[in-house]
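Novice: Quick one: the structure is below, questions incoming.
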Amino acid sequence: MAASSFVVLALSGLNITFGKPLLLPLIGPEAFAGWSQWAKYGHNYLSFPFTLAVVLILLMWIAWNLPAKGDLDWVKRGGGVVGNDHPPAGRFNMGQKLIYWIVVLGGGAVAVTGYLLLFPFYATDIADMQLAQSIHGIVALLFVAAMLGHIYIGTMGMEGAFEAMSTGEVDLNWAKQHHSQWVAQELGKGRGATPPRGARPAE
Ligand code: HEM
């Protein structure tokens, strides 16, 4: 829900900012007007499932995304990006925690400013509207840039990450390599031969 509504919101939002100079000359006024009208409906209505998804993400995973012992070491070793290093990590490593907070805080900021734009002048005057629009546009652009990096790592950049997202489970050996502290914790609870249940890995 979060990913698919985000993609529509990003494309339709970028169309509001850049569509006229970039897309209109390519596809002409008729096509641009038709597409922009649908994009605007998409942007307005998909804001609701997107907001719900951000709230669910906040509530479901906050306990796993607070600072923990080992986070700093993970950062010092660059997350093991270079070479064959696998710094130990809990259920979420520091990079995943960073994405979590970008989604929660960035999503929260675009939601609040977006609803101010969607329902103009109920809680705002003209200066607040201008501020809301600037914050919405700037945070949205940074958010899209961060998500491009995130999508790369989640698909091509790391083996197993996309399957993990679609099935909700990871291979035990993969978990041992990438989330060794979490595996140790789960094994300590007596979860042995089968992969840990409730495994919710590499978002
Ligand atoms: C709860 C979520 C959101 C709501 C309620 C919302 C609402 C709005 C509204 C009402 C506008 C102004 C449209 C217009 O001028 O006709 C807008 C513009 C825009 N939105 Fe959103 N939006 C949301 C989420 C997002 C997200 C997630 C992104 C990008 C990832 C995004 C990107 C943009 C951009 C780039 C603009 C154009 C800013 C400008 O150039 O003025 N929005 N949004």
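The values are calculated or read from the model by the stated rules, or taken from the named source; none is laboratory data. A quick note: this is a predicted structure, and the numbers were derived from the prediction, not measured. Neighbour counts run over all protein chains shown; Cβ positions are idealised from the backbone, glycine included. Side chains included, ligands, DNA and RNA excluded: accessible areas come from the protein's heavy atoms. Shrake-Rupley method; radii C 1.70, N 1.55, O 1.52, S 1.80 Å.
Novice: If you check every pair at least six apart or on different chains, which have Cβ atoms under 8 Å apart with a residue in the range 2-29 that is without any contact (Cβ under 8 Å) to a residue 24 or more places away in the chain and of a type outside the set (F, W, Y) first and a residue that is near the ligand (Cβ under 9 Å from one of its atoms) and open to solvent by 30 Å² or more (accessible area, probe 1.4 Å) second?
Specialist: Cβ pairs passing all conditions: none.
Novice: Right, another one. Given the residues A10, A68, A53, A3, which is the only one that is within 16 Å of the ligand (Cβ to nearest atom), closer than 30 Å to P88 by Cα and surrounded by 15 or more Cβ atoms within 10 Å (Cβ to Cβ)?
Specialist: One residue alone meets the criteria, A53.
Novice: What single numbered condition from (1) open to solvent by 60 Å² or more (accessible area, probe 1.4 Å); (2) among the aromatic types (F, W, Y); (3) modelled with pLDDT of 95 or more; (4) under 17 Å from the mean Cα position of the chain (by Cα) fails to hold for W35?
Specialist: Going through the list (1) open to solvent by 60 Å² or more (accessible area, probe 1.4 Å); (2) among the aromatic types (F, W, Y); (3) modelled with pLDDT of 95 or more; (4) under 17 Å from the mean Cα position of the chain (by Cα), W35 breaks only (4).
Novice: Could you list, in sequence order, the residues of the range 3-32 that are in a helix (DSSP H, G or I) and farther than 30 Å from V55 by Cβ?
Specialist: Hits for the range 3-32 are K20, P21, L22, L24, P25, L26, I27, G28, P29, E30, A31, F32.
Conditions tested, residue by residue: (1) modelled with pLDDT under 90; (2) touching a helix residue (DSSP H, G or I) at 6+ places or on another chain (Cβ under 9 Å).
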position	(1), (2)
A111	no, yes
T124	no, yes
D128	no, yes
G154	yes, yes
E163	yes, no
W174	yes, yes
S180	yes, no
G190	yes, no
G198	yes, yes
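Novice: Can you name the condition, by its number, that N44 falls short on among (1) surrounded by 17 or more Cβ atoms within 10 Å (Cβ to Cβ); (2) out of contact with any His (no Cβ under 6 Å at 6 or more places or on another chain); (3) touching a residue at least 24 places away in the same chain (Cβ under 8 Å); (4) not aromatic (F, W, Y)?
Specialist: Every condition holds for N44 apart from (1).
Novice: Tell me, yes or no, whether the range 34-43 has at least one residue that is touching a Gly at 6+ places or on another chain (Cβ under 7 Å) and within 16 Å of the ligand (Cβ to nearest atom).
Specialist: Yes, some residue in the range 34-43 is touching a Gly at 6+ places or on another chain (Cβ under 7 Å) and within 16 Å of the ligand (Cβ to nearest atom).
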